[in-house]
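Chemist: To start, I am sharing the structure in question, which I have written as structure tokens.
Read-outs throughout are calculated quantities, based only on the coordinates presented, and are distinct from any laboratory measurement. Quick caveat: nothing in here was measured; it's all calculated off a predicted structure. For neighbour counting, all protein chains shown are included, and Cβ atoms are generated from backbone atoms with ideal geometry for every residue, glycine included.
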Ligand code: GUN
């Protein structure tokens, strides 16, 4: 039986609806949460992501502000900008879009963000809160992975979870969230011996590597839930054929656009997995939905009010 396809677009819409309702309640009390997005220079992918974030704010009723320092911005200039945002009362969330230009000390800039406004959950204070199970701001993409599992009624507690990739943005926080939800967690990386064998132990497999279609059928236990966090662009027709030969819909889109999006999971995995997130339309839409949620959460935490729960398990 082919895998159940987990519809991230639908789940993200549900969450955005819940956030919009919360924003409305807050508006009645005279509070409008605000998000500041800092986009340095003109990275085309970052420009698209930031446009999506600002648009989502409008849709759920949040105040948003885009700040666009030039490509030549220095660490000192960005620190001054972040410190100004830290002080402003109408800004509840600050997001510095990555990557930053090479001359900027990115770690220093991210460290300067007030942890109470760190809607990316990247500040070491929030990383510490997550690892010690205290309330804080959780990175958006890993939080989205957990929402997909919970809202699809896929049990986590007591199950074998394998995370491939150990980035600070996805792999490590995803592993921590799964551990906090009582999974038995293994984190794999480029030095892991017998990667397919370790992955085959997984009842929940999270792929966050950044390599097109690397997770093939021999990495997957039949019936496993596979969460594909990869977002890779293919432009080479030969590579396209290797993954999507015979997929008429994809072929037409590829001919028109000259590129297609593929995750870290090979399409053949759909025949063996129990459930699978597609790319596009899986984890991606959750990232923005969780950013909206985090902005409301930050606004509430800063005011000392109760934070709304998303899914409960
Ligand atoms: N660039 C790619 N993904 C992200 C993200 O989740 N947050 C930020 N700030 N930048 C990114």
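Chemist: Residues of the range 1-24 with backbone nitrogen within less than 13 Å of a virtual label 7 Å along the Cα-to-Cβ line of residue 270, please, listed as ranges.
Modeler: 2-7
Chemist: Could you check which residue among 247, 153, 90 shows the biggest mean-square fluctuation in a GNM of the chain with a 10 Å Cα cutoff?
Modeler: 247
Chemist: In percent, how large is the relative contact order of the range 137-275, given Cα pairs closer than 8 Å and 6 or more residues apart?
Modeler: Averaging sequence separation for qualifying contacts and normalising by length gives 23 percent for the range 137-275.
Chemist: Then there is this: Enter the mean projected area of the convex hull around the alpha-carbon atoms of the range 1-155, in nm², rounded to one decimal.
Modeler: 11.2
Chemist: Using the alpha-carbon atoms, what tilt in degrees (0 to 90, nearest 10) does helix 44-60 show relative to the longest principal axis of the chain?
Modeler: Roughly 70 degrees, rounded to the nearest 10.
Chemist: Using the alpha carbons of the chain, what is the convex hull volume per residue in cubic angstrom, as a whole number?
Modeler: 139
Chemist: In terms of the ratio Rg/(2.2 N^0.38 Å) built on C-alpha atoms, what value belongs to the range 165-313?
Modeler: Normalised by 2.2 N^0.38 Å, the Cα Rg of the range 165-313 equals 1.19.
Chemist: Tell me, how many Å apart are the Cα centres for the range 1-63 and for the range 78-137?
Modeler: After rounding, the separation between the Cα centres reads 18 Å.
Chemist: For a Förster distance of 51 Å, can you work out the FRET efficiency between the beta-carbons of residue 194 and residue 20, rounded to the nearest 0.05?
Modeler: Computed FRET efficiency for residue 194 and residue 20: 0.65.
Chemist: Something else about it: Once the Cβ-Cβ distance between residue 28 and residue 84 is put in as r, and R0 is 30 Å, what FRET efficiency do you end up with, to the nearest 0.05?
Modeler: About 0.50, to the nearest 0.05.
Chemist: Residue 134 versus residue 236, label points 7 Å from Cα toward the beta carbon: distance in nm?
Modeler: Placing both labels 7 Å beyond Cα along the Cβ direction yields 4.8 nm.
Chemist: Here's a follow-up. May I ask you to derive the relative contact order of the chain, considering only C-alpha pairs under 8 Å and at least 6 residues apart, and to give it as an integer percent?
Modeler: 23
Chemist: What is the extension gain from residue 251 to residue 75, computed as 0.36 nm multiplied by their sequence separation minus the C-alpha to C-alpha distance, in nm to one decimal?
Modeler: The span from residue 251 to residue 75 would gain 58.9 nm if fully extended.
Chemist: For the Cα atoms of the chain, what angle does the longest principal axis make with the long axis of helix 140-151, in degrees from 0 to 90, nearest 10?
Modeler: The two axes meet at around 60 degrees.
Chemist: Taking every DSSP beta bridge that has both residues in the chain, what percent is antiparallel when rounded to the nearest 5?
Modeler: Beta bridges within the chain, antiparallel portion: roughly 10 percent.
Chemist: If you don't mind, another one. Using packing as a proxy for protection, rank 20-26, 249-255, 144-150 so that the peptide with the highest average count of other Cβ atoms within 10 Å comes first.
Modeler: 144-150, 20-26, 249-255
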